[in-house]
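Everything on this sheet refers to the single structure shown next.
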Amino acid sequence: MNDSNMPRAMLRDTAPQDRPIQPPTFWRRRAKLALVIGAVVILIVILTVSLVHYSGTQTSVDRSRLTIATVERGSFVHDVAAEGQVIAAVSPTLYAPAPGLVGLKIHAGDAVSKGQVLAELESPDLTAKLSQEEATLQSLRLDWQRAERDAEQKLKQLRSSYQQAEVDRKTAERELDRSRKAFELGSYSELQMLRAQDALEKAQFVFDQAKSNFEAQPQQNRFDIGSKQTLLERQQLVVADLHRQVDLLTIRSPVEGQVGQVQVLDRASVTKDAPLLTVVDLSALEVEIKVAENLARDLQPGMPADLEGNGKHWPGVVKGVSPEVVNGDVTARVRFSGARPAGLRQSQRLAVRIFVDRRTNVLMVDRGAFIDEGGGNFAYVVQGRIAARRPVRLGAESVAKVEILDGVSSGDQIVISGAEAFHNADRVILSE
């Protein structure tokens, strides 16, 4: 078949579909450029804000390494916590009163009553000295008794001499009267009368001397007897003291309690003042604690306390606080205020919490290492991803909380531990 004889297909004209193209306006031609410029401006603003926000930051620390707490207001219990050791308020140590051999009557841990014999000490030197002094005492007692007898006998002799002199004087007086009358009558010569007068004067002299000796003898007797009595009393004191020392050789318990440590062996030879054993009075237990110097200044006798041990709690009260500081610590004693706890032992460890005071509406935060960092004069306040160093003023401290007097407000978040990684930087970035 010849293709030339076939009819041709006619194509439809598209002219009706054609439209004239309008040239783009000015803003349409600049739209893309405007988008690019806007994006650049936004990026610059973001970078500027970031630079301003993070300006001054010197380091970056992972947030998970930090402990952050929120500052709040509430009731604040100012307390002090420490670990204490149970001690006996009365725990006397008994010593050897003299050198000798000790014989023990008890063992460590035995319960004893007051006055019970715990040990006996054999001291031959002391017992021999007591025997010698007792013999001396007996001799001085005989001397004193002899002095009394002698004084009594001498007084009798002087009284007899005085009485005899008085009789002789009266006899001489009568003889002189007779001689004078006889001389007046011419029976006696003048010489005989003068002899009678001389005899009277001699009798008067003897009488005066006898009277003086008799009257002075009682005082002399008192001196002699008093001297002997003083020696006797002195020796009695010596013997009494030796008896006391010998009685002390029998070691007795000064309190009711329990035998603690026995520091010597049975039948051992000990020197004077050597420690023998300790008796613990379990009815008067106390707890000794050591508190840091900065916390101890708040403690006062009479403050209530809580003691915990063996899963139990006991009320207590501060008995006393030492006035001296040893190695940065102050020693205090807490006694049990209720009934005597059962089951406690000497040197047992207990947890002690002393309540200083209780206040309301106090700005506080959880206790942390920031108290000791920088002397507690600053804290890092968290604002978003920035921790900024800010000066603060801390107040009282408790076991779980610390009072904040100035520098932050309620609701602020501060880093309470882990801030040592900041190396005292003013601002730190917290990374996630």
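Only the coordinates and a few stated rules stand behind these numbers; no lab work does. Bear in mind the structure is a predicted one, so any value in this text is a computation, not a measurement. FYI the Cβ positions are ideal-geometry reconstructions off the backbone, even for glycines, and counts take in every protein chain you see.
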Pairs to check: 154/228; 156/211; 170/211; 319/401; 156/202; 114/319. Give those whose C-alpha atoms are more than 19 Å from each other in this structure.
319/401; 156/202; 114/319
How many nm separate the modelled label positions at residue 146 and residue 360, each set 7 Å beyond the Cα in the direction of the Cβ?
9.3
Projected label distance in nm at residue 220 and residue 191, using a 7 Å step from Cα toward the beta-carbon:
4.0
Taking square-rooted eigenvalues a ≥ b ≥ c of the alpha carbon gyration tensor, is region 124-247 rounded, prolate or oblate, where a/c under 1.5 means rounded and, failing that, a/b exceeding b/c means prolate?
prolate
222 nm [θ] for the chain, helices only, -39500 (n - 2.57) per DSSP H run of 4+, per residue, to 500?
-13000 deg cm²/dmol
Take residue 237, project a point 7 Å from its Cα along the Cβ direction, then tell me which residues of region 128-166 have their backbone nitrogen under 18 Å from it.
133-134, 136-138, 140-141
Which parts of region 158-178 would a label at residue 198 reach, counting a residue when its backbone N lies under 15 Å from a point 7 Å out along Cα-to-Cβ?
176
Dividing the Cα radius of gyration by the Kirkwood radius, what Rg/Rh value follows for the chain?
1.63
What order do you get for 70, 278 when you list them from fewest to most C-beta neighbours inside 10 Å?
70, 278
Could you let me know the centre-to-centre spacing of region 222-236 and region 65-85, using Cα atoms, in angstrom?
76
Tell me the relative contact order for region 124-247 as a rounded percent, counting alpha carbon contacts under 8 Å between residues six or more apart.
48
Using only the alpha-carbon atoms, how far is helix 190-248 inclined from the longest principal axis of the chain? Give it as 0 to 90 degrees, nearest 10.
30
In this structure, the FRET efficiency calculated for residue 300 and residue 409 from their beta-carbon separation, with R0 = 35 Å, to the nearest 0.05, is 0.60
Unit Cα scatterers, Debye sum, region 231-366: log10 I(q)/I(0) for q = 0.15 Å⁻¹:
-0.92
Share, in percent, of DSSP beta bridges within the chain that are antiparallel, nearest 5
95
Under a plain spin-label model, where a point goes 7 Å from the Cα along Cα-to-Cβ, how far apart in nm are residue 351 and residue 308?
0.3
Multiply the residue gap between residue 125 and residue 43 by 0.36 nm, knock off their C-alpha separation, and tell me the result in nm, one decimal place.
18.9 nm
Counting alpha carbon pairs within less than 8 Å and at least 6 residues apart, what relative contact order, in whole percent, applies to the chain?
29
Taking loop as defined by DSSP and a crowding limit of 15 other beta carbons within 10 Å, which chymotrypsin sites (Phe, Trp or Tyr not before Pro) in region 340-429 fit?
none
